[in-house]
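Q: Can you read through this structure? Questions will come right after.
Please treat every number below as a calculation from the coordinates, not as lab data. This is a predicted model, so every value here is computed, not measured. When we count neighbours, we look across all protein chains shown, and the Cβ atoms used for this are built from the backbone with ideal geometry, even at glycine.
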Amino acid sequence: MPTIKNIDSIKIDIYSREHLPPHFHILFAEYEELIVIETLNTYVGYVPKTQRKKVIDWAMKNKNYLLEVFKQLNPRP
């Protein structure tokens, strides 16, 4: 279940067996950006400003959901 949300052709993915810190991927056309869930800051990558803003606006309202999905897909011992 990597894609958890689509916003106007922008995919928001969370993968299993991922590294810390908890994060999600924004995928749009040839761009990819990893966003730290707690701070909503860029970990690595780049997505155009307009698409990034749409995702960050959604993520601000759904931080708990994003963190829960990350924890479900990436349980720690």
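Q: Which of A59, P48, I12 sits closest to the plus end of the dipole of region 3-73, meaning its Cα is farthest towards the positive end, when Lys and Arg get +1 and Asp and Glu get -1 on the C-beta?
A: Most positive-ward Cα: A59.
Q: Also, quick follow-up: Roughly what angle does helix 49-61 make with the longest principal axis of the chain, taking Cα atoms, 0 to 90 degrees, to the nearest 10?
A: Tilt relative to the chain: about 40 degrees.
Q: Over region 1-75, calculate the relative contact order: mean separation of alpha carbon pairs under 8 Å at least 6 apart, over the residue count, as a percent. Kindly include the intermediate steps, with their values, before the conclusion.
A: On the way: 119 pairs, mean separation 20.0, N = 75.
This gives 27 percent for region 1-75.
Q: Right, another one. Ignoring everything except DSSP H segments at least 4 long, calculate the 222 nm mean residue ellipticity for the chain; use -39,500 (n - 2.57) per segment, divide by total residues, nearest 500. It would help to have the intermediate numbers written out before the result.
A: Numbers: 2 runs with 24 residues, N = 77.
It comes out at -9500 deg cm²/dmol, rounded to the nearest 500.
Q: If I fit a long axis through the Cα atoms of helix 63-73 and take the longest principal axis of the Cα atoms of the chain, what angle between them do I get, 0 to 90°, rounded to 10?
A: The answer is roughly 50 degrees.
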